[in-house]
Every structure is written in C-alpha cells, then in structure tokens.
Amino acid sequence: MADSPPRSTPGPIPPYVDIRRSKRRKRTVSAYRDGERVVVLMPDRLSAAEEARWVETMLARLEKQRSRSRVSDEKLLSRAHELACRHLPEVPEPASVRWVSNQNRRWGSCTPADRSIRLSTRLQAMPAWVVDYVLIHELAHLVEPAHNAAFWELVHRYPKAERAEGYLEGVSAASSLNLDEF
C-alpha cells in the first residue's frame with residue numbers, strides 16, 4: 001500500500017465508523033463522511049489489527065482535512081456578500097449566514113423574512129465552487145422564495161451552477177448506494 005498506517009497500538013473502532021470491506025479492492029484504503037458517520041473502504045484481506053490502524057489513520061486524515069477546510073460563519077457571510085455583489089446585485093444582503101449540523105436532507109435553507117441563510121455542515125468537505133453555488137441558490141431565495149423560472153434565472157447567473165448541481169446530485173446518489181453489495 002502506498003501509505004503505511006502508523007505502527008502504534010490502535011484503540012477500539014468508534015461506533016460512528018462504518019467499515020466496508022471489498023474483495024475487489026486490492027490495495028487502497030479510503031474514507032469519507034456521510035452525515036455524522038465515517039465510512040472507511042478497505043480490502044477484504046486486511047487483518048483486524050491492520051483494520052484498526054487504518055481506521056485510526058483515516059479518521060486523523062479526515063479531521064486534518066476538515067480543520068483545513070473549515071470556514072467560519074463570518075467568512076461564510078463575507079463570501080455571500082462577495083457572491084451577491086458579483087452575480088446578484090439586486091438581492092438584499094443577508095442578515096446572517098451560518099453553518100448548521102441539523103440539515104441532513106438539504107444542502108441549505110433560507111428564511112427571506114429575516115434574511116437568514118443556513119448551510120449544512122456536510123458541504124464543508126466539498127469544493128469551494130459547490131459551496132458558492134449553494135450560497136447563490138439561497139441568496140436567490142431572498143428575492144424569489146419559490147423555485148420558479150425567475151428563481152432559476154438568478155441561480156444560473158453563477159457560471160458553475162450546472163456543474164455544481166451535477167456534483168451535488170452525484171453526492172446524493174452515491175450516499176444512498178450500499179457498496180457492500182458489490
């Protein structure tokens with residue numbers, strides 16, 4: 001394997017970790033977040049000790065990745081202002097933009113009455129252009145609450161709108177797959 005797991009004695013595997021072993025996977029170990037859970041994909045042939053070491057390694061990598069990519073609520077609000085100025089100048093400025101962890105079925109939400117926008121923390125591990133798309137989507141709701149033609153015209157001013165929509169559709173589809181059945 002390209003990277004060896006650390007040689008320390010690993011602790012027990014946390015209950016929020018799903019391990020998916022595959023006979024088809026020969027050399028690589030990967031992990032991703034799925035809501036509050038972490039899914040670790042690994043070859044079927046690894047021993048229990050190797051499994052535990054790899055889980056520990058992958059959890060550390062995901063945490064490092066999360067801490068590097070974490071954008072504060074203040075920076076999120078600033079980014080929303082920047083995107084609104086560039087793509088939606090007629091949209092009123094949001095009063096607040098913040099990350100929330102209780103949105104498991106939506107990427108974001110907007111309350112036009114108080115001009116507040118909330119983005120799911122699931123977006124934090126995604127590329128910035130995808131987060132920007134969700135911000136644009138929610139900003140457009142400040143003018144057009146419904147998903148009507150006028151709303152979509154506003155959203156598609158963002159140059160990467162179609163690409164981001166495809167990305168989010170792919171993530172949604174992949175998260176509902178049961179990879180153990182392959």
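Against the definition (open to solvent by 80 Å² or more (accessible area, probe 1.4 Å) and either farther than 30 Å from Ala31 by Cα or in contact with a His (Cβ under 9 Å, 6 or more places away or on another chain) (or both)), how does Ala113 come out, yes or no? It would help to see each step written out before you state the result.
On the way: open to solvent by 80 Å² or more (accessible area, probe 1.4 Å): yes; either farther than 30 Å from Ala31 by Cα or in contact with a His (Cβ under 9 Å, 6 or more places away or on another chain) (or both): yes.
Yes, satisfied.
Considering only residues that are under 15 Å from Arg122 (Cα atoms) and either among the polar types (S, T, N, Q) or open to solvent by less than 70 Å² (accessible area, probe 1.4 Å) (or both), which ones fall in segment 37-57? So that I can check it myself, show each step before the final result.
The first filter runs over segment 37-57 and keeps only residues under 15 Å from Arg122 (Cα atoms), leaving 37-39.
Of everything in segment 37-57, those that are under 15 Å from Arg122 (Cα atoms) and either among the polar types (S, T, N, Q) or open to solvent by less than 70 Å² (accessible area, probe 1.4 Å) (or both) turn out to be Val38, Val39.
Exactly one condition in (1) touching a residue at least 12 places away in the same chain (Cβ under 8 Å); (2) open to solvent by 40 Å² or more (accessible area, probe 1.4 Å) is not met by Ala60; state its number.
Evaluating Ala60 over (1) touching a residue at least 12 places away in the same chain (Cβ under 8 Å); (2) open to solvent by 40 Å² or more (accessible area, probe 1.4 Å) leaves (1) as the failure.
Filter segment 1-36 down to residues that are modelled with pLDDT under 85 and outside any loop (DSSP other than H, G, I, E, B) and give me whichever is least open to solvent (accessible area, probe 1.4 Å).
Asp34
Contact list please: Cβ distance under 9 Å, first residue in segment 87-112 and more than 30 Å from Arg37 (Cα to Cα) and without any contact (Cβ under 8 Å) to a residue 24 or more places away in the chain, second residue β-branched (Val, Ile, Thr) and open to solvent by less than 20 Å² (accessible area, probe 1.4 Å), pairs at least six apart or on different chains.
Partner pairs satisfying both residue conditions: Ala95/Ile117.
Given (1) at pLDDT 95 or above; (2) within 24 Å of Arg20 (Cβ to Cβ); (3) aromatic (Phe, Trp, Tyr), identify the lone condition not met by Tyr158.
Among (1) at pLDDT 95 or above; (2) within 24 Å of Arg20 (Cβ to Cβ); (3) aromatic (Phe, Trp, Tyr), the lone unmet condition for Tyr158 is (2).
Just give me the residues in segment 37-51 being of a type in the set (Asp, Glu) and in a loop (DSSP other than H, G, I, E, B), in sequence order. Even if it seems obvious, please write down each step before you answer.
Restricting attention to segment 37-51, the residues satisfying the condition of being of a type in the set (Asp, Glu) are 44, 50-51.
Scanning segment 37-51 gives a single hit, Asp44.
The values are calculated or read from the model by the stated rules, or taken from the named source; none is laboratory data. Note that the coordinates shown come from a computational prediction; the quantities given were computed from them, not determined experimentally. Ideal geometry is used to build each Cβ from the backbone, glycine not excepted, and the neighbour counts take in all protein chains shown. Only protein heavy atoms, including side chains, enter the accessible area calculation; ligands, DNA and RNA are left aside. Shrake-Rupley method; radii C 1.70, N 1.55, O 1.52, S 1.80 Å.
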